[in-house]
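Every read-out reported here was derived from the displayed coordinates using simple, explicitly stated rules and does not represent laboratory data. Remember, it's a predicted structure, so these values are computed and weren't measured experimentally. Glycine also receives a Cβ, built like all others from the backbone with ideal geometry; neighbour counts cover every protein chain displayed.
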Protein chains: 2
Amino acid sequence: MSLIKKPVNGMKDILPREMQIRDYVAGIIRETYAGFGFQSIETPCVEHIENLCSKQGGDNEKLIFKILKRGEKLNLAEASGEEDLTDAGLRYDLTLPLSRYYANHANDLPMPFKALQIGSVWRAERPQKGRFRQFVQCDIDILGDPTNLAEIELIAATTTALSKIGFHGFTVRINDRRILKAMADHAGFAPEDYEKVFIILDKMDKIGRDGVAEELAQAGFAKDVIGRYIDLFQEGDGDIAQIRSLMETLQADGAEDLITIMETVRSISTADFAIRFDPTLVRGMSYYTGTIFEVSMDELGSSVAGGGRYDDMIGRFTGQKTCACGFSIGFERIITILLEQDFKVPGSTEKYAFLIEKGASQEKIAQVMEESKRYRAEGKQVLVAWMNKNKKFQKEQLQKEGYLAEHIRDFYNTELMRG
Amino acid sequence: MSLIKKPVNGMKDILPREMQIRDYVAGIIRETYAGFGFQSIETPCVEHIENLCSKQGGDNEKLIFKILKRGEKLNLAEASGEEDLTDAGLRYDLTLPLSRYYANHANDLPMPFKALQIGSVWRAERPQKGRFRQFVQCDIDILGDPTNLAEIELIAATTTALSKIGFHGFTVRINDRRILKAMADHAGFAPEDYEKVFIILDKMDKIGRDGVAEELAQAGFAKDVIGRYIDLFQEGDGDIAQIRSLMETLQADGAEDLITIMETVRSISTADFAIRFDPTLVRGMSYYTGTIFEVSMDELGSSVAGGGRYDDMIGRFTGQKTCACGFSIGFERIITILLEQDFKVPGSTEKYAFLIEKGASQEKIAQVMEESKRYRAEGKQVLVAWMNKNKKFQKEQLQKEGYLAEHIRDFYNTELMRG
């Protein structure tokens, strides 16, 4: 009759301290994106198994938590494989449900549609430190805007949100899949090899130009092709001049867009961040069709947000061409960073604890409740609790939870307050 | 390759208008409960199948969405039943996960522990109007406080939250399982018949005293027992005098507690609501051990929140006696009511739409973005969008989404604004 106490393998319980940060961050994100006209939407956590296995997912499909059919639909005796046992699964990202949602509701939605989704997704990956099988994704997407106003707004909104959370001095790196391809084309790679080349290029920040050249050689590419390719990645400051200089060597759609995006974002930004062109930025997903971008912080060595334009994907599912551009904040990554930095939620010092002597009269309790009501009306948090026998220990615990010593008050049963 | 557009059977996509209300209500609830010292926690949506099927659930077990084992653990050839195929399921309530969570983390949690959970639960019920297979529950629980300070705080916090959402003139009905039992005992029912009697008593508000008497007779109970029982349910105003008068006829633990709770709640309440004793209040769950309460609104004829004390349940799972008292807000019910009332989220009139003439120069775009930034800094929402060819229709649509006509501004590519 007793419970298994641990959560299921790879998933986690969230303790109050972390939850407070999560609620706070989600609140800032919602508020900021709402300010930019993004609208919250939600889809069920459970999706049709057919949709989840519709190939867009690629490797994700292996990671699906599948849900058993129920009642008469489940016929174990005649089942010959998993596909006979399941009709649904837990979503592994928010993009596929967004496509379905848009296909289902486009007539009821504004055009273009600016969507915000914050929600859990599930992947049956091998559990490892810091990676969980249930985690929150936080996506904004603009559907139906082919212009780079979409990119400008996504970047402006996301950098504003990151800055309100408390991040500064970060860098938005930006590139365009079309430039990426034009560079590979210019060097002489065959289109069918592009993805292979980009996977190696993606390691540039770790292994450098020599390392990339070496891995390309190991992969069997011709020396002169590699040479021409590597030459394109001259040191650069990522400024607009670097794009212009690159465009003297090769031509690529997207270059002018990048310049416009960078100039506009710079001219309107309040947040303290840099935006720079990074020709080595790849972003894994092959569904991107144009601009791609990522936010990184030097001192952390990892990205905290990423996204890009994917004009072909939604149409493939819905049958109706819909251009799309999205930016995803690495919610779990941000929470981990804030926890490591021992982040304190602003305003959380306005916490009071009122301790009532045990056995206090009803009048005394009412008096304490009345006083707590006054404090709460002023926006303060008030914990009302019984005073423990070991009052000293109790107060130490409360201070660990963020109650300042001078905000802990004792209420005794007599009219006079003692010691 | 095309997607199934509808959500899975019995679940729903949430459109922006509803989502805005949901986010708003959840925000008010979080903020209010935090003010009372409740701490947000979260458990995974996926639970061990052993825990979900641990009998506490009763009928709920049949309604579990079960998750297929993965990889080598799934051995279809040797599986003889569902139990061989699944190792986990989606949670069907928040109380069982809370018990597991508390058993797992009690050492890291304050004592008593005041928990707030807002989260989705899943039940494979037959879909019907207004009832969905995924829905949000919103629970507060105080673990480890045996005194009626717990009840007072739960009621004060929940009525404050309801009042901040905008509900007024509601009634908190309160009873105690011990009074319920003492009344049945006084009439002469046998303890093993109590639950059966209470199920009939629960219909009092629909079928009246005569109806209850009739159904009890049909169930085979003796006439004199029924007579004594029905006599106890004299018309009453639900005030404290009614409790005292009842206690002249019978004795019940809990009566003094009820009086204290009612008097204290009244003396401290700001919200516009009544609290009254209702001896016919049953609340379905047999796990309640003491006070039970429910919030109802006359004009709606249904409850919007309910809860009670359940001192035995957590210990049964964790092996360590832990008294507990909880209050659950009917989140989905409240959203439905607000949608029916065409509820407008406060502050949502401060929405602006800036429409830019298509083909505008980069400078013009930057200027519009700059202006929108100024508005946003003042807390206003600004949607920046391209001006459609059919500007009139576009503006009509925007007004339907809550943008006031005078808050929609046109920006043309020339320095002068036209028309």
(request) Could you state the angle between the C-alpha long axis of helix A:149-165 and the longest principal axis of the C-alpha atoms of chain A, as a value from 0 to 90 degrees rounded to the nearest 10? (result) 30 degrees
(request) Could you tell me which of rounded, prolate or oblate describes chain B, using a ≥ b ≥ c as the square roots of the eigenvalues of the alpha-carbon gyration tensor, with rounded for a/c under 1.5 and, failing that, prolate when a/b is larger than b/c and oblate otherwise? (result) prolate
(request) Using label points projected 7 Å from each Cα along Cα→Cβ, tell me how many nm separate A:L250 and B:Q362, to one decimal. (result) 2.2 nm
(request) Please order B:V345, B:V46 by the number of other Cβ within 10 Å, starting at the fewest. (result) B:V345, B:V46
(message) Give me a comma-separated list of calculated 3J(HN,Hα) values for region A:195-201, in order, Karplus coefficients 6.51, -1.76, 1.60 applied at θ = phi - 60°, integers in Hz, x for any Gly or Pro.
(response) 4, 4, 4, 5, 4, 6, 4
(request) List A:F317, B:F411 from most exposed to least, where exposure is judged by having the fewest other Cβ atoms within 10 Å. (result) B:F411, A:F317
(message) Within 10 Å of each Cβ in B:267-275, how many Cβ atoms from other chains are there, averaged over the peptide?
(response) 2
(message) Within 10 Å of each Cβ in A:68-80, how many Cβ atoms from other chains are there, averaged over the peptide?
(response) 3
(request) Write down the percent of antiparallel bridges among all DSSP beta bridges whose residues are both part of chain A, to the nearest 5. (result) 70 percent
(message) Angle check, please: helix B:204-218 long axis (alpha carbons) against the longest principal axis of chain B (alpha carbons), in degrees 0 to 90, nearest 10.
(response) 40 degrees
(request) Treating only the Cβ atoms of Lys and Arg (+1) and Asp and Glu (-1) as charged, compute the dipole magnitude of region A:16-340 about its Cα centre; round to the nearest 20 debye. (result) 720 debye
(request) For region B:87-179, build the charge dipole from Cβ charges (+1 Lys, Arg; -1 Asp, Glu) around the Cα centre, then report which of B:P146, B:T159, B:W122 sits farthest towards its positive end. (result) B:W122
(request) Work from the charge dipole of the protein assembly as shown (Cβ charges, +1 for Lys and Arg, -1 for Asp and Glu, about the Cα centre) and give the residue of A:I243, A:T264, B:V46 farthest towards its positive end. (result) A:T264
(request) Enumerate the calculated ³J(HN,Hα) couplings along region A:96-109 in order (Karplus 6.51 cos²θ - 1.76 cosθ + 1.60, θ = phi - 60°), each rounded to whole Hz, writing x wherever the residue is Gly or Pro. (result) 4, x, 4, 4, 4, 4, 5, 4, 7, 10, 3, 5, 9, 10
(request) Just tell me how shielded A:109-122 is by partners: mean number of partner chain Cβ atoms within 10 Å of each residue's Cβ, no decimals. (result) 3
(request) Taking H placed 1.01 Å from N in the peptide plane, check which residues at least 5 places from A:L404 or on another chain put their amide H under 5 Å from its amide H. (result) A:K351
(request) Using amide H atoms built 1.01 Å from N in the peptide plane, name the residues 5+ places from B:F354, or on other chains, whose amide H lies under 5 Å from its own. (result) B:L383, B:V384, B:A385, B:R409
(request) Determine the dipole magnitude for region B:351-411: charges of +1 sit on the beta-carbon of Lys and Arg, -1 on that of Asp and Glu, nothing else is charged, the reference point is the Cα centre, and the result goes in debye to the nearest 20. (result) 160 debye
(request) Kindly provide the GluC sites (Glu not before Pro) of region A:222-283 that DSSP labels as loop, not H, G, I, E or B, and whose Cβ sees at most 15 other Cβ atoms within 10 Å. (result) A:E235
(message) Using a Förster radius of 45 Å, what is the FRET efficiency between A:A217 and B:A77 based on their Cβ-Cβ separation? Nearest 0.05, please.
(response) 0.40
(request) Please report B:T336, B:T280 as a ranked list, fewest other C-beta atoms within 10 angstrom at the top and most at the bottom. (result) B:T336, B:T280
(message) Please list, in order, the residues from region B:107-141 whose amide nitrogen is less than 20 Å from a point placed 7 Å along the Cα→Cβ vector of A:D410.
(response) B:111-112
(request) Could you tell me the number of lysine pairs in region B:351-411 with C-alpha atoms less than 15 Å from each other, where the two lysines are 8 or more residues apart or belong to different chains? (result) 9
(request) Apply 1/(1 + (r/R0)^6) to the Cβ-Cβ distance of B:Q128 and A:Q341, taking R0 = 51 Å, and write down the FRET efficiency to the nearest 0.05. (result) 0.60
(request) Using a/c under 1.5 as the rounded threshold, could you call region A:351-411 rounded, prolate or oblate? The axes a ≥ b ≥ c are square roots of the C-alpha gyration tensor eigenvalues, and prolate needs a/b larger than b/c, oblate otherwise. (result) oblate
(message) Under 5 Å between amide hydrogens, which residues at least 5 positions from B:R276 or on another chain qualify, with H placed 1.01 Å from N in the peptide plane?
(response) B:V172, B:R173, B:I174
(request) Pick out, in residue order, every one of the GluC sites (Glu not before Pro) in region B:71-107 that is DSSP loop and has at most 15 other C-beta atoms within 10 Å; say none if there are none. (result) B:E78
(message) In whole Hz and in residue order, list the ³J(HN,Hα) couplings for region B:254-268 that follow from phi through the Karplus curve 6.51 cos²θ - 1.76 cosθ + 1.60, θ = phi - 60°; x for Gly and Pro.
(response) x, 5, 5, 4, 4, 4, 4, 4, 5, 5, 5, 4, 5, 5, 10
(message) Using a label point 7 Å beyond Cα on the Cα-Cβ vector, give me the inter-copy distances for B:N107 in nanometres, one decimal, shortest first.
(response) 6.0
(request) Pick out, from A:A182, A:I292, A:A222, the residue whose Cα sits farthest towards the positive end of the charge dipole of the protein assembly as shown, with +1 on the Cβ of Lys and Arg and -1 on the Cβ of Asp and Glu. (result) A:I292
(request) Give, as ranges by residue number, the residues of region A:214-237 whose backbone N falls under 15 Å from the point 7 Å along Cα→Cβ of A:D193. (result) A:214-231
(request) Rank A:Q341, A:Q397, A:Q234 by mean-square fluctuation in a GNM of chain A with C-alpha springs under 10 angstrom and give only the top-ranked residue. (result) A:Q397
(request) Only Lys, Arg, Asp and Glu count, each charged at its Cβ (+1, +1, -1, -1), so figure out the dipole size of the protein assembly as shown about its Cα centre, rounded to 20 debye. (result) 160 debye
(message) Cut-off 10 angstrom, C-alpha nodes, Gaussian network model of chain A. Which of A:M369, A:M262, A:M247 fluctuates the most?
(response) A:M369
